[in-house]
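Structure record follows, encoded as structure tokens.
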Amino acid sequence: MILCCGEALIDMIAEPTVSGSRGFVPHSGGAVFNTAIALGRLGAPAGLLTGLSTDMFGQQLADALQASHVEASHLIRSDRPTTLAFVQLVDGHATYSFVDENSAGRMLMPEDMPKQLPAVSALYFGGISLACEPCADAYAALLERHGSDRAVMLDPNIRPGFIKDQSRYRTRLNRMIAQSDIVKVSDEDLDWIVPGPETLAEKVPLLLQAGPSLVIVTRGSDGASGYLADGSETSVPVKAVEVVDTVGAGDTFNAGVLAELDRAGRLTKANLRTLDPDVLRAALAKGADVAAITVSRAGANPPWAHEL
């Protein structure tokens, strides 16, 4: 099972009401939640480890996991509130305002993390959970405890507004990058992680030197590229679709990559170290296919396998 570790929250998306004014409608979301949902819909064995509230929104999230065949035994329930993300869409691009203080997801502690992970073959980390403390330290501790014998994918999805102490964040993130097998970054993420005048092509080897076997760089409408530790590289274009919004695009891209690597039997530490470029291209292409469907409809609504 691929265990997705990180936030599940409610996206409050503005929509017209009967009166004509705009209200906010609750949609299940969160970067790591979206990836878990997409994996489940693609038929990959997936689970979610997150702090989940017992409130009405927490129940909505739990129901959504069940509906998409995501294993829920690693949910850590509490009576703290659910994180709310108020979303504004401008030309299809989302900006967020978060209500996250004392939330069920944010207040996870290292001691809350499971000591054993039976049946878990791979770990996925990402989203705002890597920046918001104390849960960021909890997920770092989980990776430290369980990442040495499982394939690990990390998507920092860096949002500077969430980073209260940049030095602490960089130290924790760099340690997690060194423990990961796959690191996926946007071009903006890469420039933040490796600041300086170098080109993206010059920065990728620096990231690979930190420890990953594979670095994936997404560049919006310019497609995605994968870089292996042996120096080989492959790229795929984006699918040409009419974009409704970009909510969840990167999250579902990640799910497509993981699902294809798992289907090909390559989602292990050893196999990722010797990954064939053709297998990598197929994984990137699956990610692009899944993301294209997601951006063609409103909200983070990943496709089912039959829709591909």
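The values are calculated or read from the model by the stated rules, or taken from the named source; none is laboratory data. Just so it is clear, the structure is predicted and the values come from calculations on it, not from any experiment. Quick reminder, even Gly has a Cβ in these numbers, built from the backbone with ideal geometry, and neighbours come from all protein chains shown.
Of the residues GLY58, GLY105, GLY29, GLY40, only one is in contact with an Asp or Glu (Cβ under 6 Å, 6 or more places away or on another chain) and modelled with pLDDT of 95 or more; which?
Numbers: GLY58 fails: in contact with an Asp or Glu (Cβ under 6 Å, 6 or more places away or on another chain); GLY29 fails: modelled with pLDDT of 95 or more; GLY40 fails: in contact with an Asp or Glu (Cβ under 6 Å, 6 or more places away or on another chain).
GLY105 is the lone residue from the list that is in contact with an Asp or Glu (Cβ under 6 Å, 6 or more places away or on another chain) and modelled with pLDDT of 95 or more.
Before we move on, is ALA151 crowded, with 19+ Cβ neighbours inside 10 Å, modelled with pLDDT of 95 or more and more than 28 Å from ALA298 (Cβ to Cβ)?
Numbers: crowded, with 19+ Cβ neighbours inside 10 Å: yes; modelled with pLDDT of 95 or more: yes; more than 28 Å from ALA298 (Cβ to Cβ): yes.
So ALA151 passes the test.
Across the range 1-23, which residue is surrounded by the most Cβ atoms within 10 Å (Cβ to Cβ) among those that are out of contact with any His (no Cβ under 9 Å at 6 or more places or on another chain) and modelled with pLDDT of 85 or more?
Only one residue fits best here, namely CYS4.
Taking the stated definitions as given, is GLU260 in contact (Cβ under 8 Å) with a residue 12 or more places away in the chain and under 28 Å from LEU48 (Cα atoms)?
Details: in contact (Cβ under 8 Å) with a residue 12 or more places away in the chain: yes; under 28 Å from LEU48 (Cα atoms): yes.
So GLU260 fits the description; yes.
Please pick out the residue among LEU48, LEU108 that is over 30 Å from LEU308 (Cβ atoms), in contact with a Cys (Cβ under 6 Å, 6 or more places away or on another chain) and aliphatic (A, V, I, L, M).
Details: LEU48 fails: over 30 Å from LEU308 (Cβ atoms).
Going through LEU48, LEU108 in turn, just one is over 30 Å from LEU308 (Cβ atoms), in contact with a Cys (Cβ under 6 Å, 6 or more places away or on another chain) and aliphatic (A, V, I, L, M): LEU108.
Using the structure shown, decide if SER186 is touching a strand residue (DSSP E or B) at 6+ places or on another chain (Cβ under 8 Å), among the small types (Gly, Ala, Ser) and closer than 22 Å to ARG281 by Cβ. Break it down into steps so the answer makes sense when it comes.
Values: touching a strand residue (DSSP E or B) at 6+ places or on another chain (Cβ under 8 Å): yes; among the small types (Gly, Ala, Ser): yes; closer than 22 Å to ARG281 by Cβ: yes.
Spelling it out, SER186 is indeed touching a strand residue (DSSP E or B) at 6+ places or on another chain (Cβ under 8 Å), among the small types (Gly, Ala, Ser) and closer than 22 Å to ARG281 by Cβ.
Identify the single condition in (1) assigned to a loop (DSSP other than H, G, I, E, B); (2) out of contact with any Lys or Arg (no Cβ under 6 Å at 6 or more places or on another chain); (3) under 24 Å from VAL247 (Cβ atoms) that VAL120 does not satisfy, given that it satisfies every other one.
(3)
I need every pair where a residue in the range 60-78 that is free of Cβ contacts under 8 Å to residues at least 12 places away in the same chain has its Cβ under 9 Å from the Cβ of a residue that is in a loop (DSSP other than H, G, I, E, B), sequence separation at least 6 or different chains.
Listed by first residue and then by second, the contacts come to GLN66/ALA72.
If I filter the range 241-287 down to residues being among the small types (Gly, Ala, Ser) and at pLDDT below 95, which single residue comes out as nearest to ASN34 (Cα to Cα)?
Residues of the range 241-287 among the small types (Gly, Ala, Ser): 248-250, 255-256, 259, 264-265, 270, 282-283, 285, 287.
If we keep only those that are at pLDDT below 95 as well, we get 248-250.
Working: GLY248: 7, ALA249: 9, GLY250: 9 Å.
Among those that are among the small types (Gly, Ala, Ser) and at pLDDT below 95, it is GLY248.
Among the candidates ALA44, ALA62, single out the residue that is under 19 Å from the mean Cα position of the chain (by Cα), in a helix (DSSP H, G or I) and crowded, with 16+ Cβ neighbours inside 10 Å. Break it down into steps so the answer makes sense when it comes.
On the way: ALA44 fails: in a helix (DSSP H, G or I).
Result: ALA62 is the single residue among ALA44, ALA62 that is under 19 Å from the mean Cα position of the chain (by Cα), in a helix (DSSP H, G or I) and crowded, with 16+ Cβ neighbours inside 10 Å.
SER73 fails exactly one of the following numbered conditions: (1) under 19 Å from THR35 (Cα atoms); (2) surrounded by 15 or more Cβ atoms within 10 Å (Cβ to Cβ); (3) not basic (Lys, Arg). What is the number of that condition?
Of the numbered conditions (1) under 19 Å from THR35 (Cα atoms); (2) surrounded by 15 or more Cβ atoms within 10 Å (Cβ to Cβ); (3) not basic (Lys, Arg), the odd one out for SER73 is (2).
Among the residues of the range 31-70, which ones are among the hydrophobic types (A, V, I, L, M, F, W, C), touching a Ser or Thr at 6+ places or on another chain (Cβ under 7 Å) and farther than 25 Å from ASN102 by Cβ?
ILE37, ALA38
Can you pull out every residue in the range 74-101 that is farther than 23 Å from ASP245 by Cβ and modelled with pLDDT under 95?
Kept after step one, since they are farther than 23 Å from ASP245 by Cβ, are these residues of the range 74-101: 74-81, 101.
The one that is farther than 23 Å from ASP245 by Cβ and modelled with pLDDT under 95: GLU101.
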